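Q: Have a look at this one before I ask anything.
Nothing in this text is a laboratory measurement; each read-out follows from the coordinates by a stated rule. Small disclaimer: the values here were computed from a predicted structure and weren't measured. Cβ placement follows ideal geometry from the backbone for every residue including glycine, while neighbour counts extend to all protein chains displayed.
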Amino acid sequence: MKKSASKLTLSVHAGSMGDPLYGGVVTPIYPSAAYDYETEVRYPRYYNTPNQKAVVEKLVALENGEDGLIFSSGMAAIMTSLFAMIKAGDHVLFQNDLYGGTHHAAVHELERYGIAYSMADVSNLTNFEKAIRKNTKVIYVETPSNPLLKITDLKGVARLARKRGIITLIDNTFASPVNQNPIDLGIDIVTHSGTKYIGGHSDICCGAMISSKKLTEQIKQSALHFGGSLDAQTCYLVERSLKTIVLRVEKQNENALAIARYLQSESKVDGVYYPGLKSHPGYALAKKQMPGGFGGMLSFEVKINPDKFIKKLQYIKRAISLGGVESTITQPVKTSHAKLTAAERKAVGIKNNLVRLSVGIEDTKDLIADIRQAL
Ligand SMILES: *Cc1c(COP(=O)(O)O)cnc(C)c1O
């Protein structure tokens, strides 16, 4: 598959194999966990079975990487990639507004292995640079961030890291490979919670990392120890989902922008956080580094009781997770950021009346009408 092909074409064709036996057009499901070892030692936990390879090839094409691995969850992808890069005595620098699960994992896992970490505001790169230590091994970023959609300057972060030999790792879940390709901007390792836009139908839990051949091989050596591999049947579903990721995300981008604009003019709403709004502090940066679009995630503060508001919604479902074809809504204080202390939430700017909307592929007018009637 030509690398120059458009994402629409790559999403359908890259990696997909067809059936050599009967001439079927889709990749057959190969569930074997036992393979003849004379040709190549294949095994699901070695990340080299046919369905794993097919889905990885598609992701690598969409992210403009060289190689990658598919995992059984986003956290497996993130923690395996991170742990493969560090050892006792190293320091990891995180941006301070992280997915709640990653924040919790950093706080509870790293220090007991002798790994130091700190979290710093990345909106000002000069200040962020001051948080780099002599033993900083990895810089970890996430953009747009959850739930306030803050935008991190990926080229800027990559520049700071490269000149010091520091590895950069991004959680690219919110943007999806359709909207943002961090490897093009100099970031070393891209991770995804595939549970979100990659799966796209709220029915798959998986994760992925995409990088250079060299770093992927290094991560693979740890991955086969940690064991977070994905089975053939689910890999097939992920491959199937990826064939429509461009169509889905483009519609989600369009819906989210329309909803954000509507919310700005709504008197029962306070702040609206969406990087596609000119009023968003990260707008200019997002326009540059997210060529595919601003994404399907937005959040806003409601002036009415958020529980009552959410209960009144008809199409938009109250549910955790995100990135599905169906619109879903959460309260970060009750869900993704429930494990943060009130002080930690205040520090990153998450108010109690903040709601986070994952916009689906429904009709734009129906979604806006649903929000309007609930308000
Ligand atoms: C959901 C999510 C994760 C964790 O992924 P799982 O698939 O639940 O393990 C990590 N980062 C972000 C931004 C997420 O939304």
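Q: Quick check on the chain: of the DSSP beta bridges with both residues there, what percent are antiparallel, nearest 5%?
A: Bridges in the chain are about 50 percent antiparallel.
Q: Roughly speaking, what is the centre-to-centre gap between region 257-292 and region 196-254 when only Cα atoms are used, to the nearest Å?
A: Their Cα centres are 28 Å away from one another.
Q: Something else: Could you give the length gained on full extension between TYR283 and SER212, defined as 0.36 nm per residue of separation minus the Cα-Cα distance, in nm?
A: 22.6 nm
Q: Sticking with this one: Anything over 32 Å Cα to Cα? Flag those among LYS268/LYS339; LYS53/LYS365; LYS163/LYS339; LYS130/LYS288; LYS317/LYS339; LYS196/LYS346, in the order listed.
A: Listed pairs above 32 Å: LYS53/LYS365; LYS163/LYS339.
Q: Same structure, new question: So what is the diffusion coefficient of region 66-191 in µm² per second by Stokes-Einstein at 25 °C and 0.890 mPa s, using a Kirkwood Rh over Cα pairs?
A: D = 169 µm²/s.
Q: Go through region 41-92 and name the chymotrypsin sites (Phe, Trp or Tyr not before Pro) that are in a DSSP coil and have 11 or fewer other Cβ atoms within 10 Å of their Cβ.
A: none
Q: Please give every one of the aspartates and glutamates within straight-line cross-link reach of LYS251, meaning a C-alpha to C-alpha distance under 18 Å, and leave out same-chain neighbours fewer than 8 residues apart.
A: GLU326, GLU362, ASP363, ASP366, ASP370
Q: Now, a different point. Straight distance only, please: which aspartates and glutamates reach the Cα of LYS87 with their own Cα at less than 14 Å, same-chain residues fewer than 8 apart left out?
A: Within reach: GLU109, GLU111.
Q: Would you work out the charge dipole size for region 212-276 about its Cα centre, treating the Cβ of every Lys and Arg as +1 and the Cβ of every Asp and Glu as -1, and quote it to the nearest 20 debye?
A: 200 debye
Q: Another question, if that's okay. If N is the number of residues in the chain, what value comes out of its Cα radius of gyration divided by 2.2 N^0.38 Å?
A: Dividing the Cα radius of gyration by 2.2 N^0.38 Å gives 0.98.
Q: Treating the beta-carbon of each Lys and Arg as +1 and of each Asp and Glu as -1, no other charges, what is the dipole magnitude of the chain about its Cα centre, to the nearest 20 debye?
A: 1060 debye
Q: Please name whichever of GLY276, GLY207, VAL56 sits farthest to the positive end of the charge dipole of the chain, dipole taken about the Cα centre and charges placed at Cβ: Lys and Arg +1, Asp and Glu -1.
A: Checked the options; the winner is GLY276.
Q: While we're on this one: Expressed in nm to one decimal, what extension gain is obtained for the pair LYS268 and LEU21 from 0.36 nm per residue of sequence separation less their Cα-Cα distance?
A: Using 0.36 nm per residue and subtracting the Cα-Cα distance, I get 82.9 nm.
Q: Just the number, please: Stokes-Einstein D of region 43-107 in µm²/s, Kirkwood Rh from C-alpha pairs, 4 °C, 1.567 mPa s.
A: The estimated diffusion coefficient comes to 94 µm²/s.
Q: Also, quick follow-up: Nearest 0.05, what FRET efficiency do ALA88 and LYS155 give at R0 = 30 Å with Cβ-Cβ as r?
A: Once rounded, the FRET efficiency stands at 0.45.
Q: For region 130-254, taking Cα atoms only, what is the radius of gyration to one decimal and the Dmax to the nearest whole Å?
A: That works out to 15.6, 47 Å for Rg and Dmax.
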